[in-house]
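Remarks on the structure that follows.
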Amino acid sequence: MLEGTRILLAAAQPMSTTESRPTASGTAYGRPASTYDRELAEVGPGTPCGEYMRRYWHPVAVGDKLVAVPQNVRILGEDLIVFRDKKGRPGLLHPRCAHRGTTLYYGKCEDDGIRCCYHGWLFSVDGRVLDQPCEPGGASHNRDLIRQPWYEVEERYGLIWAYMGPPDKKPLLPRYDTLEGLEAGEIHYATGSSFGAGGDDTREIVPCNWLQDWENIMDPFHVPILHTSFSGVQFVEEMGVMPDVTYDHADHGMKYTAYRELPDGRKMNRVTQALFPHVRIVPDIHLKPGQPKSVGFVLPVDDTHFRLFHIFRAPEGFEVKSRPIIDGRKWSELTEGEHQVIPGDWEAQVGQGPISLHSEENLTGSDRGVGRLRHFLRQQIATVKNGGDPLGVTFDPAQELYHVQAGNYFF
């Protein structure tokens with residue numbers, strides 16, 4: 001078990017979660033077919049990880065971008081439609097109209113719900129049929145027996161959240177202490193773009209499996225290589241110092257502490273958290289001291305795509321803007337050749353393929369965080385299979401607030 005363990009990577013032994021498969025001569029000829037870990041990667045209904053995921057709340061839309069026009073969304077392999085009625089209430093429905101099957105994407109948002117374009121049926125945010133204008137009196141005899149499939153939603157921190165699991169297992173929507181208690185002039189600023197995955201604000205969907213991003217949070221050793229020495233300084237020069245790293249249990253997940261003695265004589269611990277089911281809490285990349293002012297979520301769209309959501313505690317007027325990389329151009333404006341010269345997280349993670357081929361990996365001691373996180377995730381999936389509640393799910397209001405341990409700490 002992870003809890004109670006503390007591992008110093010300098011003393012760690014090489015490890016691998018899968019068997020290496022070299023041929024006798026070392027050539028590529030005759031290699032067996034490559035495979036991926038289906039238990040951890042697949043998120044659709046009925047899959048082990050999909051059922052585990054459906055025991056949590058998930059961000060599905062940025063609140064201030066959800067206006068009077070319905071939006072198609074894909075979450076955990078399900079195609080849905082999210083909208084806001086004219087009273088301001090958000091709704092998340094199956095898109096295929098319960099009457100004759102056209103999509104509610106072409107529906108119209110009204111005071112009490114969304115109206116289908118085909119025959120005008122009006123559905124509330126919880127899927128109830130409120131009006132059938134082609135029927136005498138606006139209602140058929142069986143109207144109350146019909147309900148558009150729906151999921152419960154809540155709005156918090158500038159995001160719309162959905163619970164897509166068994167109704168009798170619905171937990172409380174978590175809060176995070178670093179986002180609470182806004183002061184005068186502060187706001188919650190929410191985003192749903194790929195900038196935190198190495199892309200920029202022009203793209204929402206990242207074309208690879210969710211785990212390739214989430215487990216990257218427990219890989220501190222790619223930072224001095226990919227983000228500093230290989231592609232040039234993408235954060236700050238101090239990140240180029242190879243850290244001494246320990247891994248520990250943390251409330252609702254795990255964390256690593258990366259200790260560095262910096263060239264200017266300062267000493268620091270950089271603490272990063274990965275919480276269940278897909279929360280990423282990363283300290284300020286410019287080494288601003290203290291807790292981070294943001295929390296991120298790696299939402300699985302389906303098996304081969306994910307989307308990042310972030311909540312920032314920020315001053316009024318704050319806006320995330322993609323930084324220029326070459327000649328004033330941002331990431332999405334670079335050529336393929338330029339991406340080859342200065343790759344980042346997007347290139348490294350999407351470059352693993354739509355779903356990383358886990359049978360081809362050869363993990364070593366510096367990958368201990370990735371191996372531990374996968375093991376911990378597998379434990380939570382097994383807990384759900386066996387009828388239990390996974391880590392990070394709470395029904396007690398006294399445990400609704402999560403304490404953020406991540407941050408840059410100097411001493």
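Derivation of every value follows stated rules applied to the coordinates shown; laboratory data play no part. Note that the coordinates shown come from a computational prediction; the quantities given were computed from them, not determined experimentally. Virtual Cβ from ideal backbone geometry, glycine too; neighbours counted across all protein chains shown.
Here are some notes:
- Within the shell defined by Cβ-Cβ distances under 12 Å, the residues around P70 carry a net charge of +1, with Lys and Arg each +1 and Asp and Glu each -1.
- An oblate overall shape is assigned to the range 305-395, the ratio a/c of its alpha-carbon gyration tensor axes (a ≥ b ≥ c) being 1.5 or greater and a/b not exceeding b/c.
- Net charge over other residues, Cβ less than 14 angstrom from the Cβ of G240 (K, R count +1; D, E count -1): -2
- Taking label points 7 Å from Cα along the Cα-to-Cβ direction, N362 and E39 give a separation of 2.5 nm.
- Residues of the range 98-119 falling in the label zone of R89, defined by backbone nitrogen less than 12 Å from a point 7 Å along Cα to beta-carbon, are 110-114.
- For H188 and H141, a Förster radius of 56 Å and the Cβ-Cβ distance give a FRET efficiency of 0.75, rounded to the nearest 0.05.
- A Cβ-based charge dipole, computed about the Cα centre of the range 60-155 with Lys and Arg at +1 and Asp and Glu at -1, lands at about 260 debye.
- Under Karplus coefficients 6.51, -1.76 and 1.60, residue-wise ³J(HN,Hα) of the range 312-327 in Hz, glycine/proline x: 10, 8, 9, x, 4, x, 5, 8, 7, 10, 5, 7, x, 10, 9, 6
- For the range 396-411, 3J(HN,Hα) computed residue by residue from phi via the Karplus equation (6.51, -1.76, 1.60; θ = phi - 60°) reads 9, x, 5, 10, 5, 8, 8, 8, 8, 9, 5, x, 9, 10, 9, 7 Hz, glycine and proline entered as x.
- Coupling constants for the range 43-53 follow from the phi torsions by the Karplus curve (6.51 cos²θ - 1.76 cosθ + 1.60, θ = phi - 60°), and in residue order they are 10, x, x, x, 7, x, 6, x, 6, 4, 4 Hz; glycine and proline get x.
- Note on A68 and E336: the extension gain reaches 92.7 nm, defined as 0.36 nm multiplied by sequence separation minus the Cα-Cα distance.
- For E110, the residues 5 or more places off, or on other chains, whose built amide H falls under 5 Å of its own are K86, R115.
- Residue of T178, T383, T35 that the Gaussian network model of the chain assigns the largest fluctuation, springs spanning Cα pairs under 10 Å: T35
- Total formal charge among the other residues, if their Cβ is under 14 angstrom from that of S366, Lys/Arg +1 and Asp/Glu -1: -3
- Calculated Cα Rg over 2.2 N^0.38 Å (choose from [x] 1.00; [y] 1.37; [z] 1.07), label: [z]
- Gained length - V236 relative to Q399, 0.36 nm times residue gap less alpha-carbon distance: 55.0 nm
- Between P59, P243, P32, the residue with the greatest mean-square fluctuation in the GNM of the chain (Cα pairs under 10 Å linked by springs) is P32.
- Gyration tensor (alpha-carbon) shape descriptor, the range 246-322, a/c threshold 1.5: oblate
- Of K170/K321; K87/K321; K293/K385; K65/K108, pairs whose Cα-Cα distance is over 24 Å: K170/K321; K87/K321; K293/K385
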